[in-house]
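The block underneath contains the structure these notes are about, expressed in structure tokens.
We did not get these values from a lab; they are worked out from the coordinates using the rules stated. Small disclaimer: the values here were computed from a predicted structure and weren't measured. Virtual Cβ from ideal backbone geometry, glycine too; neighbours counted across all protein chains shown.
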Amino acid sequence: MTVFDELEQSLAGQRTVVVGAGILGTTHALFALARGAHVVHLERDATPRGATVRNFGLIWVSGRASGPELALALRARVLWEEMAAFVPEVGFRANGSLTLINSEEELLVARRALARSDADARGFELLSHTEVLRRNPALKGSFEVGLFCGRDAAVESRVALGALRHWMTGTGRYQYLAGRELVGVSDYEAIDHRGDHHRADHVWLCVGATLSGFCAELFEHEPLRRVRLNMAETEPFESTLTTSIANGDSFRYYPNFRDDATALLKEQETLAQRYAIQLLCQQRLHGGLTIGDTHEVDEPGLFETADRPMDLIVEAARLLIGDHLPAIERRWSGVYHQVDPAGSEIYFRKGVAAGVTAVTGAGGRGMTLSPAIAEESYQ
Ligand SMILES: Cc1cc2nc3c(=O)[nH]c(=O)nc-3n(C[C@H](O)[C@H](O)[C@H](O)COP(=O)(O)OP(=O)(O)OC[C@H]3O[C@@H](n4cnc5c(N)ncnc54)[C@H](O)[C@@H]3O)c2cc1C
């Protein structure tokens with residue numbers, strides 16, 4: 001029995017249309033089904049190629065801002081675990097994370113996070129060098145201590161979407177229409193590029209950030225920005241990384257640490273600062289290590305990925321993991337939509353016609369938060 005089985009059948013007999021088969025659209029489809037609806041799911045590509053399949057698959061609680069954002073992340077983590085109970089291919093693992101610390105200043109940032117009242121909710125522990133090695137023996141690099149977050153987890157992003165669709169098809173109330181591009185909406189309907197009108201009691205637009213035509217115009221004047229990240233994956237690693245890994249630079253970019261990091265840490269060197277580089281690393285179930293990332297804001301025309309920033313990230317990974325870090329096998333970039341970080345919203349939601357709502361903008365926390373955002377959509 002999961003929370004999905006216990007949901008009130010408030011949409012029984014209704015029809016829901018979801019556009020976009022990334023994680024946000026997929027979880028919107030899943031919740032509509034769990035509430036009893038029939039679902040039609042439109043996706044412009046044969047299989048989704050957006051931010052979801054390009055991400056680390058980190059269900060990241062440690063860095064979330066205290067208050068509503070942390071509460072949403074903790075709720076989402078519960079929902080991820082529940083989804084994996086009936087779709088194990090999602091690959092949910094409660095592996096926790098280690099942020100490996102290499103300076104007095106980074107240690108001070110960690111200590112301040114440990115002193116906050118929500119440190120226990122995040123499962124924070126400061127581990128000595130020996131305790132880090134006990135928890136994650138594959139780390140053969142150089143670091144002093146580690147901040148462990150027991151609530152961080154991981155999933156297999158590239159596998160999860162297809163596995164969830166397969167499960168939804170089995171309900172007999174789900175239809176996936178690939179190769180259908182949304183080109184317009186009117187009240188209670190989505191219109192695709194073939195001119196088909198998909199009528200519904202409710203239409204959800206979860207189209208992500210890589211947009212053109214009608215969908216690009218939909219968000220043109222909204223408080224959203226696009227952020228591009230560079231990523232890489234290694235050949236299979238000979239050992240097992242038992243936790244996700246981050247370095248102290250990650251403190252600069254996550255709201256739970258950012259103010260202290262800004263006050264206490266030395267500036268990054270020019271290139272690292274320009275690309276807002278941090279190290280995050282997650283081992284895939286097939287063995288390779290997903291590593292990243294950089295952050296470039298609002299450069300929609302950019303098509304090439306610069307080599308040197310990724311070289312810096314690989315150096316940072318080698319520093320912590322050691323010389324047995326495997327060679328890089330592939331590189332890619334990805335783009336997410338982020339609601340104005342200066343505002344108080346955690347994500348963007350807007351009615352665009354009667355019975356038609358657009359949802360996007362969860363930014364670098366979208367994989368983590370999507371199930372909880374979808375749950376909120378039906379409350
Ligand atoms: C490199 C990278 C790493 C990240 N790492 C993490 C992480 O580890 N943890 C975390 O919590 N978050 C992470 N994020 C953020 C997270 O991946 C995103 O917030 C999330 O995947 C957004 O999901 P989405 O469904 O809104 O968008 P997408 O996954 O981009 O899906 C949108 C879908 O809509 C489809 N679509 C677009 N236009 C149309 C149209 N007109 N008609 C029909 N279909 C359309 C697209 O083809 C696409 O399949 C990362 C993001 C990136 C880019």
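Here are some notes:
- Footprinting exposure proxy for PHE148, PHE31 (fewest neighbouring C-beta atoms within 10 Å first): PHE148, PHE31
- A full extension of the chain between THR171 and GLU6 corresponds to an added length of 57.8 nm, given 0.36 nm per residue minus the alpha carbon distance.
- Ranked by how many other Cβ atoms sit within 10 Å of their own Cβ, fewest first, the residues SER250, SER10 fall in the order SER10, SER250.
- Mean residue ellipticity at 222 nm, helices only, the chain: -9000 deg cm²/dmol; runs of at least 4 DSSP H residues each add -39,500 (n - 2.57), and the sum is divided by the number of residues.
- Here the chain was treated as a single set of alpha-carbon atoms; its pair distances binned every 20 Å from 0 give 29, 57, 14, 0 percent.
- Phi-based couplings in Hz for region 53-58 (Karplus 6.51, -1.76, 1.60; Gly and Pro marked x): 7, 9, 8, 6, x, 8
- For region 204-265, the fraction of alpha-carbon pairs in successive 10 Å shells from zero, as %: 14, 26, 27, 27, 6
- When the GluC sites (Glu not before Pro) in region 1-54 are filtered for DSSP coil states and for at most 13 other beta-carbon atoms within 10 Å of their beta-carbon, the remaining sites are GLU6, GLU8.
- ARG318 sits among other residues whose Cβ lies under 12 Å from its own Cβ, and their net charge, with Lys and Arg +1 and Asp and Glu -1, is -2.
- Region 217-304: GluC sites (Glu not before Pro) in DSSP loop, at most 15 other beta carbons within 10 Å: GLU220, GLU238, GLU267, GLU269, GLU304
- Span-like helix criteria (full DSSP H runs; alpha carbon extent of at least 24 Å along the helix axis; mean Kyte-Doolittle hydropathy of at least -0.5) are satisfied in the chain by 68-86.
- Expressed as a whole percent, the proportion of Cα-Cα pairs in region 159-203 lying more than 15 Å apart is 54%.
- Taking amide H as placed 1.01 Å from N in the peptide plane, HIS202 has its amide H under 5 Å from the amide H of ARG15, VAL17, each at least 5 places away in sequence or on another chain.
- Phi angles across region 343-355 convert, under the Karplus curve 6.51 cos²θ - 1.76 cosθ + 1.60 with θ = phi - 60°, into 3J(HN,Hα) values of x, 9, 6, 8, 8, 10, 9, 8, x, 10, 6, 4, x Hz, Gly and Pro given as x.
- Fewest-first sequence of THR2, THR290 by Cβ atoms within 10 Å of each Cβ: THR2, THR290
- Percent of C-alpha pairs per 10 Å bin, region 236-304, short to long: 18, 39, 30, 13
- Full-stretch length increase - ASP196, ALA65 - with 0.36 nm per residue and alpha-carbon distance subtracted: 42.9 nm
- Förster-model FRET efficiency, 45 Å R0, GLU217 and HIS286, C-beta, rounded to 0.05: 0.70
- Label positions at THR130 and ARG225, each projected 7 Å from the Cα along the C-beta direction, are separated by 4.6 nm.
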